[in-house]
1. Based on what the data block shows, is Asp273 open to solvent by 60 Å² or more (accessible area, probe 1.4 Å), within 30 Å of Ile198 (Cα to Cα), more than 16 Å from ligand 3 (Cβ to nearest atom) and of a type outside the set (Val, Ile, Thr)?
2. Name the single residue, out of those in region 231-242 being open to solvent by less than 40 Å² (accessible area, probe 1.4 Å) and modelled with pLDDT of 95 or more, that is farthest from Glu27 (Cα to Cα).
3. Within region 88-101, does at least one residue satisfy the condition of being over 27 Å from Asp155 (Cβ atoms), assigned to a helix (DSSP H, G or I) and within 16 Å of ligand 2 (Cβ to nearest atom)?
4. Could you list, in sequence order, the residues of region 1-39 that are closer than 21 Å to Arg52 by Cβ and in contact with a Phe, Trp or Tyr (Cβ under 6 Å, 6 or more places away or on another chain)?
5. Any chance you could count how many residues in region 1-16 are under 16 Å from Met101 (Cβ atoms) and crowded, with 24+ Cβ neighbours inside 10 Å?
6. Only one of these is at pLDDT below 95, open to solvent by 20 Å² or more (accessible area, probe 1.4 Å) and under 18 Å from the mean Cα position of the chain (by Cα): His179, His150. Name it.
7. Considering only region 23-42, I want to know if a residue exists there that is touching a His at 6+ places or on another chain (Cβ under 6 Å) and closer than 25 Å to Ser314 by Cα.
8. Keeping to region 98-133, report how many residues are within 16 Å of ligand 1 (Cβ to nearest atom) and either closer than 22 Å to Leu8 by Cβ or modelled with pLDDT of 95 or more (or both).
Amino acid sequence: MIVTTSALYRVAYGRFAIGAYNINNLEQALGLFRGHVQAKAPFIIQLSKGARKYAGVRMLEAIIRACDEEFPEAIYAVHLDHGDEKTCYDCIDSGFYSSVMIDASHEVFEENIAITRRVVERAHAANVSVEAELGMLGGVEEDISVDEKHAMLTDPDEAKRFVELSGCDSLAVAIGTSHGAYKFSGKQSLHFDRIAEIQKRLPGFPLVMHGSSSVPQEEVARINAAGGKLDPSARGVDADEFARAIPLGVTKVNIDTDGRLVWTRVHREHLRDDPKNFDFRKPGEIFVREYAEFVRAKSEKLLSANTLESVQASLLAEV
Ligand code: G3H
Ligand code: 13P
Ligand code: ZN
């Protein structure tokens, strides 16, 4: 069942985080639904502009609607990831999306507010909620100074002003993570002090953590052993840190890269180990199984496993 993103946030805030996973095809959708039904966890399906271009807007919608019928127990929201203004309006007008992200974080502060404000007005009129972004979500490397590191993170006072003036419903904050497989050189943890400062100024307001893949070393090693050439120093976010970020207001956690790594590992190993096969459904089945297990295990780290009953109860109470 597709629900509003706001409804999920209301139940989750401070208790657990909702895993938000990007999908581009049928296999990812199947793994995502299967894993979350097994875990009894709510989730968010994210569609990026790239995914909409790759699979087609109508195809993605049809895949999700078909999964909805196949997995009637699933409770989830559908979200546009890293949208520009035009794509946000397309999604709002489609009536299919629970929420959109307007990513104007590359603009100066005032312009980011103005663009976000416009999207919020259109979205709220259609009962769609809006995620905005403030701060520079770059790799915060170990070899830069503490002052430089802090300058890249979201400023707590600005975050408060941004939320008040833009009217957004959740905020993606720069707290030490970055997109892709090469996030940190060496060991790096989230900037909990910064998250706490933001929460102090925005109590009860959902914060979103992008760039939250863990980039497991074992996964990278297996990909490379099967012919891949990923940098073995690739590191991600330690999934055990989610539990510390959740009471500080982190309510949505975005994960895409890890799913791509599972896909790459499964297919590279399959092609290496079964060179006579040319039936793509064989690695496809393995991927769906492994990806389902991946999201199931991730929901334990996000503390969202076994929360479906309380989510259902809260949804019923709202009706
Ligand atoms: O943060 C971006 C997501 O990983 C989506 O990636 O734009 O290549 O679909 P994409
Ligand atoms: P990762 O690259 O860490 O998976 O981040 C995904 C993301 O933030 C999607 O918006
Ligand atoms: Zn992102």
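1. Here the answer is no, as Asp273 does not meet what is asked.
2. Of region 231-242, the ones open to solvent by less than 40 Å² (accessible area, probe 1.4 Å) are 234, 236-237, 239, 241-242.
Adding the requirement that they be modelled with pLDDT of 95 or more leaves 239, 241-242.
On the way: Ala239: 24, Glu241: 29, Phe242: 26 Å.
Checked region 231-242; the qualifying residue farthest from Glu27 (Cα to Cα) is Glu241.
3. Yes: one or more hits.
4. Gly19, Asn24, Glu27, Gly31, Leu32, Phe33
5. So the answer is 2.
6. Values: His150 fails: under 18 Å from the mean Cα position of the chain (by Cα).
Exactly one of His179, His150 is at pLDDT below 95, open to solvent by 20 Å² or more (accessible area, probe 1.4 Å) and under 18 Å from the mean Cα position of the chain (by Cα), namely His179.
7. Start the filter on region 23-42 by keeping residues that are touching a His at 6+ places or on another chain (Cβ under 6 Å), which leaves none.
Within region 23-42 (the criterion being touching a His at 6+ places or on another chain (Cβ under 6 Å) and closer than 25 Å to Ser314 by Cα), the answer is no, since none of the residues qualifies.
8. Here is the first cut: in region 98-133, the ones within 16 Å of ligand 1 (Cβ to nearest atom) are 99-106, 131-133.
In the following step, the residues that additionally are either closer than 22 Å to Leu8 by Cβ or modelled with pLDDT of 95 or more (or both) were identified as 99-104, 131-133.
The number of residues fulfilling the criteria is 9.
The values are calculated or read from the model by the stated rules, or taken from the named source; none is laboratory data. The structure presented is a predicted model; accordingly, all values stated were derived computationally and were not measured. For neighbour counting, all protein chains shown are included, and Cβ atoms are generated from backbone atoms with ideal geometry for every residue, glycine included. Only protein heavy atoms, including side chains, enter the accessible area calculation; ligands, DNA and RNA are left aside. Shrake-Rupley method; radii C 1.70, N 1.55, O 1.52, S 1.80 Å.
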